[in-house]
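K.L.:
Here it is, the structure in full.
Read-outs: derived from the displayed coordinates by stated rules, not from any lab. Not measured: the values here are computed from a predicted model. All Cβ positions, even for glycine, are placed from backbone atoms using ideal geometry, and neighbour counts span all protein chains on display.
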Amino acid sequence: MANTAACGPYLPAFAQERVNTFHARKVQARWGGRHILRGKRLPGPRSTVVDSNDYLRLSGDKRVADAVAESLEAMRGARLASGALLHQAHPQAVLEQEMACRLEASAGVLCQSGWDANVGLLQTVAGPEVPVYVDMLAHMSLWAGAKAADATLRPFRHNDTKHLRRRIEDNGSGVIAVDALYSVCGSIAPLAELCEVAEQSGCLLIVDESHSLGTHGPAGAGLVAEAGLAGRVHFRTASLSKAYAARAGYIAGADQQFMEYFKMTSQPAVFSSTLLPTDLAHISATLDVIRDDAWRRTRLRDVSAVIRSELAGIGYDLRGSAGHIVSLPTGPDEHVIQVRDAFEQRDVFASVFCPPATPHNRTQLRLSLHCELDETDIDRIVDACRAVRPSFQAHYPKGLTG
């Protein structure tokens, strides 16, 4: 039998101490020897599963799978190099422009991930002299992008454009970075007001559409397009691992001149290889399915509205959720474990959100709704929420809500 201890060197003391501290303070002291993200049960074939970002249930769609299978031949001789080296006739460049047209944008660029899209974009438009105004609940990749640019972060209260204006008055024009639909609580950004603030203050506006691309707007073009603001938002970014059920990121906006600048200056773009032919086939086929299957968006909207209404009636504070993400505030780590276990006992499987995705002692159980939930699923979710409602009361820290 192989000696696993001999497979590699031990960690130096400073690194091992971090690992030991995590297990001692988190796993043992706070979580009772369990991992906070691991439940006691696994879902069965008839369970209600709402822990995935596959909102339109396109993972494994036959039309997409067939397109990917057909693209396997193109894997032979595929050019794996930086996107900056690709010519305009390359399939990736063609798809980038096709997606831009669907999103009512002038140009676009595909990235390895949504994280790379946001970090790379902030790195190329901000800097030490450019403040970045980021919504308190915006995705961590936007915060990381500001840090990568060595820019000064100026957070503002969630969806509070008055507070944003005061921050800009005090610190000058810069970059405004928000989510269109917030993954933490499902609230929607006041996009029209944000456009006004950006235009009046000379700021650049970035809207992350990761959780609204595909699920909202004409042919799934997103919330910015739905609001008729495509010509007023400088950049839209997205992770395609949500409704698209793919593995890539995308940036839409500006023009081709900027995109060429981006490919030559964004470190994630310069130092990452292009997407594989199978990735491109997957995204291209999904783009068409999302356009053609309008019923998925309609069903998702209807299911989400029913569940939000039922939970509000029970007495939950949904924190402005207006979409397919519904988060239940559960307070400290120990409490979310209990609530998650109670849900699983009722055959409902949701996602635990805890630090670093949430503030300390502000955990949540997030329900990621999807278009294939039926009436049995809806009843099961509502019943589970009703059963655990009396067991907890959570409060949010000041500054997280507008």
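K.L.:
Given a 10 angstrom Cα cut-off, can you work out which residue in 85, 191, 240 is the most mobile in a GNM of the chain?
P.N.:
85
K.L.:
Given the C-alpha centroids of segment 342-368 and segment 226-286, what is the distance between them in whole angstrom?
P.N.:
30
K.L.:
A further question on this structure: Over the alpha-carbon set of segment 313-352, divide Rg by the Kirkwood Rh and report the Rg/Rh ratio to two decimals.
P.N.:
Taking Rh as the inverse mean 1/r over Cα pairs, Rg/Rh reads 0.97.
K.L.:
Springs between alpha-carbon atoms under 10 Å, Gaussian network over the chain: tell me which of 292, 341, 170 tops the mean-square fluctuations.
P.N.:
Looking only at 292, 341, 170, the largest GNM fluctuation is found for 170.
K.L.:
Follow-up. How large is the Kirkwood hydrodynamic radius of segment 63-292, counting all unique pairs of alpha carbons, in Å?
P.N.:
17.6
K.L.:
Follow-up question, since we're still on this one. Let me see the pair-distance distribution of the chain: every alpha carbon pair, 20 Å bin width, integer percents in order.
P.N.:
25, 55, 19, 0
K.L.:
Taking only complete DSSP H runs, can you tell me which helices of the chain stretch 27 Å or more along their own long axis by Cα positions and average at least -0.5 on the Kyte-Doolittle scale? Can you show the working numbers first?
P.N.:
Working: long enough: 294-314 (31 Å, -0.13).
For the chain, where a helix must reach 27 Å along its axis and average at least -0.5, the hits are 294-314.
K.L.:
Something else now. Can you list the trypsin sites (Lys or Arg not before Pro) in segment 5-85 that are in a DSSP coil and have 15 or fewer other beta carbons within 10 angstrom? Before the final figure, lay out each step's value.
P.N.:
On the way: sites: 18, 25, 26, 30, 34, 38, 40, 41, 46, 57, 62, 63, 76, 79; in loops: 34, 38, 40, 41, 46, 57, 76, 79.
For trypsin sites (Lys or Arg not before Pro) across segment 5-85 that sit outside H, G, I, E and B with at most 15 neighbouring Cβ atoms in 10 Å, the list reads 34, 38, 40, 41, 46, 76, 79.
K.L.:
Return the aspartates and glutamates within reach of residue 26: Cα separation strictly under 17 angstrom, same-chain partners fewer than 8 residues apart disregarded; answer none if there are no such residues.
P.N.:
Cα-Cα hits under 17 Å: 17, 333, 334.
K.L.:
Rank by packing, highest mean first: peptides 282-289, 241-248, with packing defined as the count of other Cβ atoms within 10 Å averaged across residues. Each step should come with its number before you reach the end.
P.N.:
Values: 282-289: 21.5, 241-248: 23.5.
Highest mean packing first, the order is 241-248, 282-289.
K.L.:
Hey, can you rank 221-229, 255-263, 179-187 by average C-beta count inside 10 Å, highest first?
P.N.:
The densest-packed peptide leads the list: 179-187, 221-229, 255-263.
K.L.:
A further question follows. Just need log10 I(q)/I(0) for segment 170-259 at q = 0.12, 0.14, 0.22 Å⁻¹, Debye formula, equal scatterers on the alpha-carbon atoms, no solvent, rounded to two decimals.
P.N.:
The computed values of log10 I(q)/I(0) come out as -0.35, -0.48, -1.11.
K.L.:
Which residue, 173, 304, 391, tops the fluctuation ranking in a GNM of the chain built on C-alpha contacts under 10 Å?
P.N.:
Looking only at 173, 304, 391, the largest GNM fluctuation is found for 391.
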